[in-house]
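Working notes for the structure below.
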Amino acid sequence: MPTPPLPALDPYILDSLMPDLCGHDKRPGAFIVYLALWRLSSPDPARGVRIPHARLADATGLSRSTVQHALAHLAKRQLISTRRASPTAVPLHTVLRPWARRRAIL
């Protein structure tokens with residue numbers, strides 16, 4: 001099965017989000033998880049991706065606990081939204097782009 005093409009990466013992700021998450025927040029794992037979710041949800045990141053924490057950990061090379069902390073941080077920063085049908089269900093993570101809304105307002 002061929003790999004889907006990479007979605008276009010908004011310059012804001014590398015120019016602003018990476019220094020903010022990795023430098024200011026000191027959470028490089030959150031940046032890695034954000035990029036992984038962006039890629040796994042391609043071609044339309046707004047649709048989201050349903051993925052267990054263990055599989056996301058394998059995809060990123062991070063530990064499961066680091067992935068869980070990163071997801072919590074990304075949700076707190078409103079960079080992803082996570083929904084579950086039940087407490088033990090596999091979560092659906094949707095990649096958000098709050099900076100795109102701000103640009104549309106200006």
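Read-outs: derived from the displayed coordinates by stated rules, not from any lab. Bear in mind that the values here come from a model prediction, so they are computed numbers and not experimental data. Note: ideal-geometry Cβ built from the backbone for every residue, glycine included; neighbour counts use all protein chains shown.
Label positions at Ala72 and Arg97, each projected 7 Å from the Cα along the C-beta direction, are separated by 2.9 nm. Coupling constants for the stretch 40-53 follow from the phi torsions by the Karplus curve (6.51 cos²θ - 1.76 cosθ + 1.60, θ = phi - 60°), and in residue order they are 5, 8, 5, x, 10, x, 5, 6, x, 9, 9, 8, x, 4 Hz; glycine and proline get x. Summarising the amide proton neighbourhood of Ile80: residues at separation of 5 or more, or on other chains, whose placed amide H is nearer than 5 Å comprise Ala75, Leu96. The charge dipole of the stretch 24-68, taken about the Cα centre with unit charges on the Cβ atoms of Lys, Arg (+1) and Asp, Glu (-1), comes to about 80 debye, rounded to the nearest 20. Assuming charge only on the beta carbon of Lys and Arg (+1) and of Asp and Glu (-1), the dipole of the chain about its Cα centre is about 340 debye to the nearest 20. Each label point was placed 7 Å from the Cα along the Cα-to-Cβ direction; for Arg50 and Arg83 their separation is 1.1 nm.
Let me make sure I get this right: for the stretch 26-106, a, b and c are the square roots of the gyration tensor eigenvalues over alpha carbons, sorted descending. Under 1.5 in a/c it's rounded, otherwise prolate if a/b > b/c, else oblate. Which is it?
Numbers: a/c = 1.73, a/b = 1.42, b/c = 1.22.
Since a/c reaches 1.5 and a/b is larger than b/c, the shape of the stretch 26-106 is classed as prolate.
In sequence order, the stretch 27-33 has phi-based couplings of 10, x, x, 5, 5, 4, 5 Hz under the Karplus curve 6.51 cos²θ - 1.76 cosθ + 1.60, θ = phi - 60°, and Gly or Pro positions carry x. Taking the dipole about the Cα centre of the stretch 43-89, with the C-beta of Lys and Arg at +1 and of Asp and Glu at -1, give me whichever of Pro52, His69, Ala89 is farthest to the positive side. Going by the charge dipole, the pick is Ala89. Given the options Ala57, Ala36, Ala85, which has the most mean-square fluctuation in a GNM of the chain, springs set between C-alpha atoms less than 10 angstrom apart? Maximum among the listed residues: Ala85.
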